[in-house]
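The block underneath contains the structure these notes are about, expressed in structure tokens.
The values are calculated or read from the model by the stated rules, or taken from the named source; none is laboratory data. Nothing here was measured: the structure is a model prediction, and the numbers come from that model. Reconstructed Cβ throughout: ideal geometry from the backbone, glycine too, with neighbour counts over all protein chains shown. To get the accessible areas, we keep the full protein, side chains included, count just its heavy atoms, and leave off ligands, DNA and RNA. Shrake-Rupley method; radii C 1.70, N 1.55, O 1.52, S 1.80 Å.
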Amino acid sequence: MDEDQKGHKKETYKVQIDKQKLEIDNPTPTARELLTLAGRVPVEHFALYLKDKGQPKRLELDERVDLREPGVEKFVTLPLDQTEGLGAGRRQFSLPQEDEEWLESLGLIYELVAEGGTARVIIYGWALPVGYKVEKVDVNVRIDPGYPDAQIDMVYFSPALVRRDGRAIAATSDDSFDGKVWQRWSRHRTSVNPWRPGLDSLSTHFALIDDWLARELRKG
């Protein structure tokens, strides 16, 4: 609560736009006002998406959002000079709806690229844990025939990851795809952690990738 000039309590509403946690005293702001609050100007160069259950919803600039509902409303922005839609790019094959909804929820640009009989999901700007020489990386995974019953295996990064401490990363090699060289991490599931058809998906494999990234840094 803030006080106005007459000493009355003025209610504020919390929002999260991208990674910024902000407050606004208007309970029904427009997308234009929220973009301005987040410093995304000129606002015509950005799109604002309301993150909710399922696929994020794009808001028109003069569309209002009701912040009086309980909880912190979360939004994601996207520069329109990069793409006109969340995650827009090449769609050369299809995925199960669960995977498509998860990809859209990331707020990142992604592509579904088929080349030489190989299908891969490419995600741009994946955040890394502290300990690598870059903060974000492009990442792809191969989608083999039979997925989602068939497992997703390994992961591919561009640029190649390097630890800040200079320690070499084992079990990596070069892999060419989509016109550039990726760093393949030969990491595999085990009998203790097998692929579970009907349970595992793109999102659970990327959770495993995050674990591989963190585990690599714990090697000392």
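Identify, from the list 21, 6, 10, 14, the residue that is open to solvent by 50 Å² or more (accessible area, probe 1.4 Å), more than 15 Å from residue 76 (Cβ to Cβ), modelled with pLDDT of 85 or more and not acidic (Asp, Glu).
On the way: 21 fails: more than 15 Å from residue 76 (Cβ to Cβ); 6 fails: modelled with pLDDT of 85 or more; 10 fails: modelled with pLDDT of 85 or more.
Unique residue meeting the criteria: 14.
Within segment 177-193, which residues are in contact (Cβ under 8 Å) with a residue 40 or more places away in the chain and either charged (D, E, K, R) or out of contact with any Asp or Glu (no Cβ under 9 Å at 6 or more places or on another chain) (or both)?
Start the filter on segment 177-193 by keeping residues that are in contact (Cβ under 8 Å) with a residue 40 or more places away in the chain, which leaves 177-178, 182.
178 - this is the single residue of segment 177-193 that is in contact (Cβ under 8 Å) with a residue 40 or more places away in the chain and either charged (D, E, K, R) or out of contact with any Asp or Glu (no Cβ under 9 Å at 6 or more places or on another chain) (or both).
Of the numbered conditions (1) at pLDDT below 80; (2) closer than 30 Å to residue 102 by Cβ; (3) open to solvent by less than 90 Å² (accessible area, probe 1.4 Å), residue 52 fails exactly one; give the number of that condition.
(3)
Before we move on, is residue 77 polar (S, T, N, Q), at pLDDT below 95 and either in a loop (DSSP other than H, G, I, E, B) or out of contact with any Lys or Arg (no Cβ under 7 Å at 6 or more places or on another chain) (or both)?
When the stated conditions are applied, residue 77 does not pass them.
Among the residues of segment 57-68, is any of a type in the set (Val, Ile, Thr) and at pLDDT 90 or above?
Taking every residue of segment 57-68 in turn, at least one turns out to be of a type in the set (Val, Ile, Thr) and at pLDDT 90 or above.
Cβ-Cβ under 9 Å, sequence separation 6+ or interchain: first residue in segment 23-43 and hydroxyl-bearing (Ser, Thr, Tyr), partner open to solvent by less than 70 Å² (accessible area, probe 1.4 Å). Which pairs?
Filtered contacts from segment 23-43: 28/65; 28/66; 28/67; 30/59; 30/61; 30/63; 30/65; 36/43.
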